[in-house]
1. Under the 0.36 nm per residue contour assumption, what length would be gained going from the current alpha-carbon distance of N83 and R262 to full extension?
2. What's the angle, to the nearest 10 degrees (0 to 90), between helix 49-102's Cα axis and the longest principal axis of the chain?
3. Counting helices only, and only those DSSP H runs with n ≥ 4, report the 222 nm mean residue ellipticity of the chain as the sum of -39,500 (n - 2.57) divided by its residues, in deg cm²/dmol to the nearest 500.
4. What do you get for trypsin sites (Lys or Arg not before Pro) in the stretch 200-278 restricted to DSSP loop and a cutoff of at most 12 other Cβ within 10 Å of the site's Cβ?
5. With angles folded into 0 to 90 degrees, how steeply does helix 258-277 sit against the dominant principal axis of the chain? Use alpha carbons for both and round to 10.
6. Given an 8 Å cut-off on Cα distances and at least 6 residues of separation, report the relative contact order of the chain as a percent.
7. On a full-extension model of 0.36 nm per residue, what is the gain between W54 and Q174, subtracting their alpha-carbon distance, rounded to one decimal in nm?
8. Can you tell me how much longer the chain between I229 and L73 gets when fully stretched, taken as 0.36 nm per residue apart minus their C-alpha distance, in nm with one decimal?
Amino acid sequence: MALVRRWSVPGWVRFVSTIVLSLYSAFVGLVLVLDKQLKPATWKWVHSTVLIVWLVGILAGLTLTDNVRRAILRYRATGHEGNRVEIRNQMGALIIAVAQIHGISAGDIGCGLFLRQERWVRRPARWFPCPKGFLRPERLKRIERMRLPDNVPESTVEFTKGKGAVGACWEHGQHGYNDWRSINRRYQTPDDVVSRWSKMRDETKHGFDQKEFISLIGKYAEVVAMPIIINGSFEGCIAIDRKWNKESASDRSLLNDDATKRQLGAAAQTLVPSLRKG
């Protein structure tokens, strides 16, 4: 089951294709005008019936393809938007439930939904040998994110197996947990990380490289992720995080408890029908 497409057309490609189609349409129109206005002896290539038939035929094919593509996208978007509302409602309910369990503000809790995504270069590698470093690893792609209010910038980390609580959840097929509280206190600036990186333990790095690690310092107090299993296969995970508050002197672990895990597990099961429809 492919819940997330291997590859999607970037926005800039769609923009460029629209411009190219518009320019080609203008060119065909210009050729047709010149064919009518110019004398037969002037620019003979303009009066070629074969050329005009080919130009108009290609334009008709491109226009039909573009219209069909847009119609399909609009049809899918209608169903996708309704499905997205269902998913976000469930994520919002999870945030509120966890906040109530621990007696904290819902604004301190964030929720992310991650699904497995194969990378397009992996499949050619099955029949075409290429250097190991050329292969882009399968990843967990964040398809939804919710925070009320959204006052913590979205992480740009690309989650692969073993990286962070999300990657650990994928690697072991069970809940993953990262505690960032002591890390945030010890490494408060990028220079602190750089100067101690070579001596830092692997379990402290949580599988992140130096740049990723620095980008996460001071953002989260803790993160916990729960797997989403569909037809016996790991397809993704749902994760919640608690915002780091450096002013809190009595900060303690909250999310690594049975009550929170039960809520996450219930949410993971509840999301399955919506993900299948997506």
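1. Computed gain between N83 and R262 is 62.1 nm.
2. Around 10 degrees separate the two axes.
3. -16000 deg cm²/dmol
4. Within the stretch 200-278, the qualifying trypsin sites (Lys or Arg not before Pro) (loop, at most 12 other Cβ atoms within 10 Å) are R201, K246, R252.
5. Tilt of helix 258-277: around 10 degrees.
6. Reported as a whole number, the value is 19 percent.
7. Extra length available between W54 and Q174 comes to 37.3 nm.
8. Contour length minus Cα-Cα distance gives 53.3 nm.
Since every read-out is calculated from the coordinates, none of them should be taken as a lab result. Owing to the predicted nature of the structure, the values given are computational and were not obtained by experimental measurement. For neighbour counting, all protein chains shown are included, and Cβ atoms are generated from backbone atoms with ideal geometry for every residue, glycine included.
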